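What follows is a single structure, written as structure tokens, with notes after it.
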Amino acid sequence: MRNYLTLSLLAISIFFLSGCKLIDELRTFDIPYSVEFTIPSSTILNLPINLPTASTTTNSEQRFQDEGIESAWIESIKLSSLKITITAPEGEDFSFLENILMYMNTDGQPEVLIADKVPVPENAGNSIELEVKGADLYPYISQNDFSIRTSVTTDETVTQEIDFRADMVVDVKATIPGGN
């Protein structure tokens, strides 16, 4: 009888613990975004160069709806990764950069630092992962659009334009009514 009770409690515990994990998975999803920007040719060294991007449409309300989430249920939206890749010219690498900082902007909100790489390693190749800063991006992603400002400092002369693509993923966490 005692073994039956122990096994029953163990089975119930496993059921509830796995159920909580399932709820956690329902509460979290990712939204990817990509932005492109260009560093112009320049002889300016060791001074920051600001590179704005065009506005990026968030489509957040549609994405929340696709996930079965209402915007009122959102707990937080945080950047989980940001990778920058040189798209042109072919063969270029990040050896010319001293550091890179990326900021997010939207109407009615202060600019926020979202990621950086200080210093950029000399052997970085043509793509780098930036260090994510953990800012809550809900006020930015919940708007219709946002823009990115990139600030770079070069330690070598840039003799031609260099094109980049920044691929970022934001992690959305929501509380589902009736959940934990």
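Here is how the numbers come out for the structure above:
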| item | result |
| --- | --- |
| Ranked packing of 75-88, 154-167, most packed first, by mean Cβ within 10 Å | 75-88, 154-167 |
| In nm, spacing of pseudo-spin labels at Asp155 and Ser80 (7 Å Cα→C-beta vector) | 3.3 |
| Potential lengthening between Asn46 and Ser34 on full extension [0.36 nm per residue; Cα-Cα distance subtracted] | 1.6 nm |
| Other-chain or far-sequence residues with amide H under 5 Å of Ser80's (modelled H) | Val169, Val170, Asp171 |
| Sorted peptide list for 118-124, 100-106, criterion being average Cβ within 10 angstrom, highest first | 100-106, 118-124 |
| Solvent exposure of the range 60-160 as accessible area per residue, Å², 1.4 Å probe | 48 |
| Carbon + sulfur, % of accessible area of the range 86-180 - ligands and nucleic acids excluded, 1.4 Å | 42 |
| Taking N as its residue count, the alpha carbon Rg of the range 37-112 over 2.2 N^0.38 Å | 1.51 |
| Square roots of 5 times each gyration tensor eigenvalue, C-alpha, the range 39-180, largest first, Å | 33, 14, 13 |
| Stretch gain in nm, segment Asn123-Glu61, where the contour uses 0.36 nm per residue and the Cα spacing is subtracted | 18.3 nm |
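The values are calculated or read from the model by the stated rules, or taken from the named source; none is laboratory data. Worth saying up front: this structure is predicted, and the values here are computed from it rather than measured. Please note: Cβ atoms are built from the backbone with ideal geometry, for glycine as well, and neighbour counts cover all protein chains shown. What goes into the accessible areas is simple: the full protein's heavy atoms, side chains included, and nothing from ligands, DNA or RNA. Shrake-Rupley method; radii C 1.70, N 1.55, O 1.52, S 1.80 Å.
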